[in-house]
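Worksheet: the structure to be examined is printed underneath.
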Amino acid sequence: MPLALVIDADSSARAALAQELSRNGFGVYEIESDKDAGYALTEIRPDLVLFNFKGQEDGWRIFADLRFDTDVPVVLLTDEAVPGVYKDRVNEN
């Protein structure tokens, strides 16, 4: 069974994502803080990461680590999208 890592500070959003992923055949590991992502990537070894991204510098650092230190696909989720700004930063990382 593939394993998804869900990173989101909002427990309701994490639960909704986890439920949908579970219904679609994924095992799910949830973490509240992007600060725990390094541990989860090395110890849990997910097949997919869903990251509720808030755009702070820690978020960019975690995204860069996710994107360049692993081959794990990363889905960025956000409700603060400013398309041009995010597109430029994603391409930088």
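The values are calculated or read from the model by the stated rules, or taken from the named source; none is laboratory data. What you see is a predicted model, and the numbers here were worked out from it, not measured in a lab. Here the Cβ positions follow ideal geometry from the backbone for every residue, glycine too, while neighbour counts run over all protein chains shown. We work out accessible area using only protein heavy atoms, side chains counted, and drop any ligands, DNA or RNA first. Shrake-Rupley method; radii C 1.70, N 1.55, O 1.52, S 1.80 Å.
Identify all residues within the range 43-64 that are among the polar types (S, T, N, Q) and at pLDDT below 80; write none if there are none.
The answer is Q56, and nothing else.
Restricting the range 16-37 to residues that are within 13 Å of the chain's Cα centre (by Cα) and open to solvent by 40 Å² or more (accessible area, probe 1.4 Å), which is modelled with the lowest pLDDT?
Going through the range 16-37, the residues within 13 Å of the chain's Cα centre (by Cα) turn out to be 17-18, 28-37.
Within this subset, residues satisfying the condition of being open to solvent by 40 Å² or more (accessible area, probe 1.4 Å) are 17, 28-30, 32, 35-36.
Details: L17: 94, V28: 96, Y29: 94, E30: 93, E32: 85, K35: 72, D36: 77.
Top of the filtered list is K35.
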Complete set of residues in the range 65-88 that are touching a Phe, Trp or Tyr at 6+ places or on another chain (Cβ under 9 Å) and either aliphatic (A, V, I, L, M) or modelled with pLDDT of 55 or more (or both): L66, V74, V75, L76, L77, T78, E80
Filtering the range 1-10 down to residues that are at pLDDT below 90 and open to solvent by 40 Å² or more (accessible area, probe 1.4 Å) yields A9, D10
